[in-house]
Amino acid sequence: MITKEENELLCRVEGDAPMGQLMRKHWVPICLTEEVAEADGTPVKARILGEDLVVFRDTDGNLGVLDEYCPHRRASLVFGRNEEGGLRCLYHGWKMDIGGNVLEMTSEPVESGMVDKVKHKAYPAQEWGGMVWAYMGKKDEMPEFVPPRWAPTRETRVSIAKVMLPVNWAQILEGAIDSAHSSSLHSSDMVPARVNGAEANDKNWLRPSTDKAPRLQVQRTDYGFRYAAIRRPIFDAKTHDYVRTTVFVAPWTVLIPPNNLYNVANVNVPSDDTNTCFYFIGWGNPSQTPETETWRKFLGQTVGVDLDSYYRPLRNYDNRFWQNREAMKAGNFSGIKGIPNQDMAMWLTMGKIADRTHDRLGASDLAIVEFRKQMIDAVKQFQQTGQAIGAGDHAIPLSVCSFQGVISKEIDWRNHETKYVWDNAESVSEGDDTYKVGT
C-alpha cells in the first residue's frame, strides 16, 4: 500500500521537488519540432516541470529554449519579435539570443554597459525524432544527448500525437504499463483474431488471444524494468504462450509491444504537478509506419477535430468524452473513439492526482506496483546520492526493445531474442553506433 507521503513524492515535480530534480538529470522533450519549424517564426510557449519556457527558431535555424519572462520586467517573450538572430521583448525592446545573451537594450544608453551585465536563463537544446529537447539540469553535469529508443536513427519514421492533459504524469504512465486493461477498455480496437501475432490495419490492432487475465512477470533493471504479460494463445495453447513485453524506461518513457508493421511508444513529460504533455508515438520503417496525419486520425488526435490549437482535448468529463451509448448497445465496449481517448477518460476521471492510498491492487497490477516501488526508491536514492535512475551508466542498452509474439512455453521470455519491427532483419548505423532493427 502506498502512503500519502509516498504519493506526493512520486507525483510532485515543481520547484525543488525531488522527482522534478531527478528528471532534470535527463534530456527533456519540450515540444514538437513542427511547432517551431520556421526560422524567425512564431515563438511557442512550453511549461515543463513547473517552469514556463519560450521556444523559437532563430534566423539561422538554431533552436532556443529560454525562460519565458524577459529579464528586464518579466513580460512574456512568447509575444516577442523573432528577428535577426534573437527574440526581442515587445515591452522595451530587449533582445536575447538562443544562448540567453542579451544582444540589445534599446531602452538603455549604450554607455551604461548594462547589456554586458545581464544573462537570461537559457537551456541547451537538441532536435531529434520530431521533438525539441533541452537539458534543464546543471550545465556542468550535462550528459551527451543520446537518441531515444523510439527514434534510433534519422532514417526512422516517427509519427507523434501530442495531447496536453490536466492530470498528473504518474497516472498516465501507469496506464501505459498496464497491460491487463487493454483486454477490456480497448477490446473493440485490439481485437482477438486467428492470427500468428499482433497485426495492424487501418481500423484495428489484432491479437492472437482471447485471454483477458494475463499472468505478469517483472524483470527489474538499472534503467527501469521489463515485464511480460502472458496469455493463452488461440493456436497451440498447450505448448505455447502469447507474450507481450513492455519496457519502462525511467523516468517517463514506455516502449509498448509492437504490431507486425511498426513499433509503439509513449512519453509522458510533466508540465507541472497536475498537467502532463502526453506523446503517443508510432515509429519504424517509413514504408510501414503511418505518416503523422494518418497516425493522428487513427488515434482520434487531430488538431482542429479532436484537439484545440494548444493540443488540449475537446473531449472532457462534461461532454462525457463524446461517448456513444448507441455504439455500446451495438457492441462497442467503451463507446469512445480512439485508443488514447479511452485511456484519457479513465485517467482524467481519477482526479488530477489520484489518491493511491485507496487502491485495491491485484495480480494483474504487478507492473503498477513495480513502477511505484521503483520510482519511489529511485527518488529516495537520488536524494542521498545524486544518481538518477536511467541516467549515465544506467541508461537503457541499445539492444533492449519491447516484444510480442507466440512462443514456446519452454522459452524464458527474459532470454528471448527481440528486435525492433522493421521491413527486414538488418542493422542501421548512425555515427559510431549501430542500432539493431528487424522483424
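The values are calculated or read from the model by the stated rules, or taken from the named source; none is laboratory data. Keep in mind that what you see is a predicted model, and the values were worked out from it rather than measured. Here the Cβ is made from the backbone with ideal geometry for all residues, glycine too, and neighbour counts use every protein chain on show. For accessibility, only protein heavy atoms count, side chains too; no ligands or nucleic acids. Shrake-Rupley method; radii C 1.70, N 1.55, O 1.52, S 1.80 Å.
Here are the numbers:
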quantity	calculated
Filtered residues of the range 182-212 (kept if over 24 Å from the mean Cα position of the chain (by Cα), open to solvent by 70 Å² or more (accessible area, probe 1.4 Å) and not basic (Lys, Arg))	196, 210
Residue in the range 406-439 that is nearest to residue 244 (Cα to Cα), counting only those that are out of contact with any Pro (no Cβ under 9 Å at 6 or more places or on another chain), at pLDDT 85 or above and assigned to a strand (DSSP E or B)	407
Selection count, the range 59-84, where residues are under 16 Å from residue 31 (Cβ atoms), of a type in the set (D, E, K, R) and not in a strand (DSSP E or B)	1
Single residue of the range 4-21 satisfying the filter (open to solvent by 60 Å² or more (accessible area, probe 1.4 Å) and not in a helix (DSSP H, G or I)) that is nearest to residue 170 (Cα to Cα)	12
Every pair of residues 6+ apart whose Cβ atoms lie under 9 Å, when the first sits in the range 80-92 and is under 14 Å from residue 42 (Cβ atoms) while the second is outside any loop (DSSP other than H, G, I, E, B) and open to solvent by 100 Å² or more (accessible area, probe 1.4 Å)	87/81; 88/81; 90/79; 90/81
Among residues of the range 348-377, those that are more than 19 Å from the chain's Cα centre (by Cα), small (Gly, Ala, Ser) and surrounded by 16 or more Cβ atoms within 10 Å (Cβ to Cβ), counted	2
Whichever residue in the range 251-263 is closer than 25 Å to residue 373 by Cβ and over 11 Å from the mean Cα position of the chain (by Cα) and, among such residues, is most open to solvent (accessible area, probe 1.4 Å)	256
Residue list for the range 308-347, restricted to those being within 23 Å of residue 32 (Cβ to Cβ), open to solvent by less than 40 Å² (accessible area, probe 1.4 Å) and aliphatic (A, V, I, L, M)	339, 344
Hits in the range 280-338 (condition: of a type in the set (Phe, Trp, Tyr) and over 27 Å from residue 129 (Cα atoms))	317, 321, 322, 333
Breaking point among (1) closer than 17 Å to residue 281 by Cβ; (2) in contact with a helix residue (DSSP H, G or I) (Cβ under 8 Å, 6 or more places away or on another chain); (3) open to solvent by 30 Å² or more (accessible area, probe 1.4 Å); (4) among the aliphatic types (A, V, I, L, M), for residue 218	(1)
Any chance residue 54 is free of Cβ contacts under 8 Å to residues at least 60 places away in the same chain and in a strand (DSSP E or B)	yes
Selection within the range 318-346 - in contact with a Ser or Thr (Cβ under 9 Å, 6 or more places away or on another chain) and at pLDDT below 95	339
Which listed residue is within 23 Å of residue 34 (Cβ to Cβ) and among the aliphatic types (A, V, I, L, M), from 249, 254, 243	254
Hey, residue 87 over 18 Å from residue 27 (Cα atoms), outside any helix (DSSP H, G or I) and over 30 Å from the mean Cα position of the chain (by Cα) or not	no
Test: residue 75 is within 19 Å of residue 128 (Cα to Cα), open to solvent by 20 Å² or more (accessible area, probe 1.4 Å) and hydrophobic (A, V, I, L, M, F, W, C)	no
Subset of the range 288-321 [closer than 19 Å to residue 351 by Cα, outside any loop (DSSP other than H, G, I, E, B) and free of Cβ contacts under 8 Å to residues at least 40 places away in the same chain]	320, 321
